[in-house]
Amino acid sequence: MTGRASAERAVLRLARPYLGRLVGAGLLATATELAGLALMATATWLLMSAAGQPPLDRLTVAIVAVRALAIGRGVFRYTERLAGHDAVLRMITDVRARVFATLAADRGPARRSGDTLSRLVSDVEAVQDLLLRVLVPGAAAALVGVLAVAGTALVSVPAAGVLAAGLLLAGVVLPLLATRLTRRTADQVAPLRGALAGDAVDLTHGAADLAAFGATGTALQAARGRTDRLARLERRLAAAGFAVDAAGVLLAGVTAGAVVLVALRAGVGGVLVGVLAVGALSAVEIALALVGAARQHTLLRAGLDRVAALLTAPAAEVTVPGGAAVGGGPHHVRLDGVTVRYRAGAAPALAGVDLDLPAGRRVAVVGPSGAGKSTLTAVVTGTVVPDAGRVTLDGAELSGYPAEELPRAIGGLLAEAYVFHATVRENLLLGRPDATDEELAAAARAAGLLDWVRDQPHGWDTVVGEEGGQLSGGQRQRLALARAVLAAPGVLVLDEPTEGLDPAAADAVLASVLDATPAGHSVLLISHRLSGLAGFDEIVVLDAGRVVQRGRHADLAASAGWYRDQWLLQEAAERGYLALRP
Amino acid sequence: MNRRPFDPRLLRRVPAARRDLAVLAALGGLTALVIVAQATALAALLATAIDGRLDRAALAGFLAAVAARAALTWAQGTVAARAAATVKAALRVELLAAVGAHGPTWVAGQRAGQLATLAGRGLDALDAYFTGYLPQLVLSVTVPLAVLARVGLADWSSALIIALTIPLIPVFGALLGWQAQAATERQWRRLALLGGHFLDMVAGLATLRAFGRARNQVEVVRRMADGHRAATMRTLRIAFLSALVLELVATLSVALVAVPVGIRLLGGGLTLSTALLVLLLTPEAYLPLRAAGSRFHASMEGLTALDEALTVTAAPAAARPGPPAPAPDGRGEIRFEGVTVEYERTTALRDVTLTIRPGERIAVIGPSGAGKSTLLGVLLGFVTPTSGRVTVDGVDLAGVDPDAWRRRLAWVPQRAHLFAASLADNITLGAPDTPPPALAAAVRDAALDEVVAALPDGLDTVLGERGHGLSSGQRQRVALARAFLRDAPVVLLDEPTARLDSASEAVVLDATRRLVAGRTALLVAHRPALLADADRIIRIEDGRLTELTPAGVRP
């Protein structure tokens, strides 16, 4: 409960700069509803008074009022919608920027998965809906209700009591009921919908596997069964949900009828009875908007909680900039006895690893998967802080440098490089925003991407699809590699740079990238392939987080151990392969 | 895009929904009658109340009408929701069945994601259309008619004005709608681009961070979000303005009716109950039309999903000529005769001729994208040759029932899809009645036993969506276990060791060797390690096939 209340508080805190606009929108919404109510009441008064055939001038004010209210209602509604949307959209702009800034500042190993991130994007929309569809109309309906009861009380207190009871039922009890029903429906339907979405993924993405093993029919049968069960459940739950709407309709009519009865008993004048009855009917109908708002609110809850949790989390500690700013050019990175443990009690991902990477040195880290290669990359780039041991850059603690500037010194091609839905040029310029066309071409050439770029009708301005979808896996990898070459940090980290390329292409690209690395820049290569490592100053073999072998290629290939076994295996296979080329 | 408020294909394609839709229409008619009855009773009630009297009959009538309207509201909502559930279920089943009928090549790539979303959550957008829009659409026909009839009985001159002004709503709506639509379409690309930007930036955050650009990008995100806001407001302004115009049209129309009624009432030419009836009923005539118009926008998403689903499922699957020939047993010679495969933009295979003798192990090498996977796809029947043919034992595969032929094949794809089911179900894919000893043997042969031992519930461990929880090496071994269990005479392997580290590669290679022993095998090889055991090696580059095996070695 407290979590939910705080989610709303967090949203309102964000809304503070736009509070004036939002309150304005709320008042305009109230004015709209009030104008509608007054229009019906005044028109009824007018007609019922006219039946007494009074002189026309006694009705003039009411006639003018009806006209003004009729036009005013439309104009109020128009301005309210504009003002409300404008305020909320301005706020959403803020929320997006703040969500992004929070995510951007968030370093450390607890990375969010892609799914969580994309869900966050739609969660931001929940904030918009909370204000536009819940808070503003809800507040307006509540205010109109209070004013309607007050207005009725001026004529007849008993009638006001009846109206107040009707409004409480319509505006409080029914919304509570709707909330409970909506929650129950969501709880029952959600797991089935989730399972069905899983079926859809299996039948489409797994279509080939199912067809090859003749299992399409069985899978379809299972999906059909779940679909039918979902449909049956949805039909059953709808009956309960719409009972609330039916109760609302009944309530409006009964309240109006009761108001007539009570007002007549209390001796209210005939014309005013009509006004009260029509007014009560409108007031209850307006209060029923709260039922819709309550339903909406229930559905938004989860998304709101997630946004609020993100934005109210204690701000990530901002590292105080160290003495000197980090520049380009050569650097010296050193790891002393680095140990990383992701969970207390678990085996360490890295245990007592030493690594010296002075300017110009080239080191390759190899080993089976799960040996700690990725963790080592994360430690060197400063995204994982070791539990024990020291990491220094040019003699100073790495963690003392501003995170934002570190990539200029240490970086390159890290795991899961993302290709943005933008032009090739924009994707590359991410590496170095001020690069010239010559530098772009040089980096693309080194990664073997230049010919492809030149072949494209739009050249550098070719837009690569969402998540780089219009590129083949190989071109994607080359684009990411070119970006790393262009960035040219003093310590170039290459995490599996040739993944997705065939052996001959992989060797060629690795060689040309190394050639393109400026003298004095050091290289840290993470690889599961053992080709092209002869030129490296040191090869480090990791296994289960420990350094099991280190030395130059010639020495390692000559002495017994993991490296020699793998090397011989690969060499034999690859020679055969190369000999077979026509 | 389909912009009709009701897609007539729906009735034809989902006959189960016809009854619910007919009931919905009938309920719309009843609702209109009850609205008229309620206004009549209220007018009578108020007309007598002016003298301080209570008309008990009118009050009872009014309450009865209200109760009837409440019941109709419930029935209408329930029936609409039933129709939505029926239509969604029918379309889901049809969509998924279409995937089965068209085969994996049709569904591959982008379409897979689109279809999965559509069959999963996409169709749920139909709820808003059925429960929000469709009942209003019915009422926008029945209510004006009922109101016209009732007002016509009481006061024909008012009815005439209503009849003349009601068409103004759809006419203005259409005119404004076109305007708004044109404006929206101009904005659409911009809106989509700006809206997608935030998602793209969030998805690529790790990369932005890796280049130290994340914080600089905050300003860009704010600027783009602000651009999105401005563009959205421009479209909204037009939409709201058209709503205002429609409201004013309705208001003025009501005023056109009310003013003469008031004047005649003053002059004593009309009774109060008639005047009240006209006042209460006239706005009702314009309301459903406007409500339907304003809900149309909210139901667009559902209509688009409906259109997509109906279009996708309408595309006929390629028919096989004549009754299928009996499938060859797979122990004979496999011949590719001048096979060419053209895709929309590329040619994957060019005039490929290849003979695979029984028991031969053939390795296929070549750069990625050269056509190696297509070669296997043709043999699996996923891809139909544009020209040329494939024969097995002299039987043309084009005329064979694909399911029967695939029973002779075991396939290990590059990236096997694992299902959100138990590990055992994943292995016994297509053979759910496998006896436990056979399953255990397949697990052992595929070197999967240590993996099984490490899982909390062994073979009964339920995997996450797309096999979440297993490493690439472990997934590949599951695929091998499937192939072992298949025990087919022909084995097709598509780079089974791609993306594996050396340790897993060695294990998978050992299992692969056991699998191909004594069978006809076609192995697509990315890694050289696979080539050692091949009898022949062929290379495919740019869709063309070259035999690499030295002539003397060829058996």
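Here residue A:434 and residue B:471 are evaluated by their C-beta separation; at R0 = 35 Å the FRET efficiency comes out at 0.25. Entry note, chain A: the mean residue ellipticity at 222 nm calculated from DSSP H runs of n ≥ 4, each adding -39500 (n - 2.57), is -20500 deg cm²/dmol after division by the residues and rounding to the nearest 500.
Mean separation of Cα pairs under 8 Å and 6 or more residues apart, divided by the residue count, gives chain A a relative contact order of 14 percent. Hydrodynamic radius of the stretch A:11-67 by the Kirkwood approach over all distinct alpha-carbon pairs: 13.8 Å.
A simple spin-label model places the labels of residue B:16 and residue B:56 5.2 nm from each other, with each point 7 Å out along Cα-to-Cβ.
The mean number of Cβ atoms from other chains found within 10 Å of a Cβ in peptide B:56-65 is 2, as a whole number. Per-residue ellipticity at 222 nm from helix content only, as computed over chain B with -39500 (n - 2.57) for each DSSP H run of at least four residues, stands at -20500 deg cm²/dmol. Neighbour counts of C-beta atoms inside 10 Å place A:37, B:277, A:272 in the sequence A:272, A:37, B:277, starting with the fewest. Residue B:247 sits among other residues whose Cβ lies under 13 Å from its own Cβ, and their net charge, with Lys and Arg +1 and Asp and Glu -1, is +3. When the inverse distances between all different Cα atoms of chain A are averaged and flipped, the Kirkwood radius reads 30.1 angstrom. With both labels modelled 7 Å from their Cα along Cα-to-Cβ, the residue A:173 to residue B:101 distance reads 5.3 nm. Put in line by how crowded their Cβ is, counting other Cβ atoms within 10 Å and starting with the fewest, B:300, A:48 read B:300, A:48. Dimensions of the stretch A:65-224 along the principal axes, based on C-alpha atoms and rounded to the nearest Å, stand at 79, 43, 34, largest first. Measuring r between the beta carbons of residue B:460 and residue A:265 and using R0 = 51 Å, the FRET efficiency lands at 0.10.
Expressed as a whole percent, how much of the Cα-Cα distance distribution for the protein assembly as shown exceeds 54 Å? In whole percent, the long-distance tail amounts to 34. Using Cα atoms only, what is the angle between the long axis of helix B:168-203 and the major principal axis of chain B, expressed in degrees (0 to 90) to the nearest 10? Computed tilt is about 40 degrees.
Helix A:270-287 sits at what angle to the longest principal axis of chain A, using alpha carbons and giving 0 to 90 degrees rounded to 10? That works out to roughly 10 degrees. Per-residue extension of 0.36 nm, minus the Cα-Cα distance of residue A:75 and residue A:16, leaves a gain of 18.6 nm for this segment. Once the Cβ-Cβ distance between residue A:150 and residue A:388 is put in as r, and R0 is 60 Å, what FRET efficiency do you end up with, to the nearest 0.05? The pair residue A:150/residue A:388 has a calculated efficiency of 0.25.
Taking other C-beta atoms within 10 angstrom as a stand-in for reagent exposure, A:80, A:8 fall in the order A:8, A:80, fewest first. Between the Cα long axis of helix B:156-165 and the first principal axis of chain B there is an angle of about 40°, rounded to the nearest 10.
Extension gain, residue B:404-residue B:114: 0.36 nm per intervening residue step, less the Cα-Cα distance, totals 101.4 nm.
Label-to-label distance for residue B:256 and residue B:171 is 0.9 nm, based on points extended 7 Å past Cα in the beta-carbon direction. The length gained by stretching the chain between residue A:546 and residue A:187 to full extension, at 0.36 nm per residue less their Cα-Cα distance, is 124.5 nm.
Since every read-out is calculated from the coordinates, none of them should be taken as a lab result. Everything numeric in this text was worked out from a predicted model, so none of it was measured. FYI the Cβ positions are ideal-geometry reconstructions off the backbone, even for glycines, and counts take in every protein chain you see.
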